[in-house]
Amino acid sequence: MLSDGMKTEDLRSLSQLGNALWLDRELSRKRTAETLEAVSLLSITEEAFLEKASSVLLARANREDLRLQAPFLGDPFFRLLPEERFLLVALHVERWSYHRVARILQCAEEQVATRAWKVRVHLASQPGSANKSGASKSVPVLGAVGVAPRHPSCPEFHSLNPWTQRFLDEEYASRERVFLQNHLMACDDCRHALNRCGELYYHVEKMIPRVEAEGFEDLGRMMDLIRKRKDPLLWTWQDAVRAFLRRPETQLLLLVILVWWAVALF
Ligand SMILES: [Zn+2]
């Protein structure tokens with residue numbers, strides 16, 4: 001069951017995701033709160049909570065896809081599919097692993113990488129993307145796509161899933177990472193390929209909306225209420241009275257007393 005520690009980071013993560021799935025701040029807050037409340041009724045572990053809540057949030061956004069509404073059209077980020085926005089927030093803001101994202105999206109890890117690359121390249125090439133990040137470069141100028149020149153010792157460059165993206169997403173295990181770092185020191189071509197990918201990567205990162213602190217503080221208060229409702233030991237006497245009055249048998253009893261009182265009086 002959900003214990004004391006629905007962690008602040010988890011609330012912040014869910015607020016970030018909600019904010020990227022609904023452009024309207026109020027609606028995003030409402031949907032995130034509803035999701036938290038619904039998922040807190042499930043008997044799942046604390047670790048599973050965040051992933052479950054994330055997938056519920058995404059499913060909801062998919063059902064209510066609002067991309068064609070006018071405010072969405074002005075922002076290239078919000079013109080993306082809900083799942084694509086989810087993917088970008090998960091990787092750039094939350095720094096979740098491919099493994100975790102794959103579990104939530106119910107796809108293979110390899111697919112997380114290819115989808116991420118496709119959406120990053122797409123987003124960076126959108127007109128209007130430049131205004132927001134302050135940069136005026138487009139993807140062809142960035143030159144992050146296409147196969148890099150290669151020597152026998154270079155890592156293989158897959159144009160749909162380049163090693164440079166995997167490196168920036170910190171998906172290499174420490175041994176592979178050390179190998180790549182050593183290679184990068186010796187190989188100008190690979191270093192340039194990584195720099196070009198980095199430009200695209202951080203260009204995209206600036207286009208992702210972020211939640212400020214107050215965006216999730218009220219969710220924290222709401223989680224406290226949910227937690228309290230589930231654990232009578234944390235109740236104050238006012239909570240206990242409220243819970244007592246909410247019970248249908250209490251309300252029936254009060255009604256009977258009221259009717260009896262009315263009859264006795266007149
Ligand atoms: Zn190389």
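No lab work stands behind these numbers, since they all come straight from the coordinates. Model, not experiment: these values are computed from the prediction. Glycine gets a Cβ as well: all are built from the backbone with ideal geometry, and neighbour counts include every protein chain shown.
Per-structure values
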item: Relative packing of 37-48, 79-90, which averages over residues the other C-beta atoms within 10 Å, highest first; result: 79-90, 37-48
item: Sorted by Cβ density within 10 Å, fewest first, the residues Thr8, Thr35; result: Thr8, Thr35
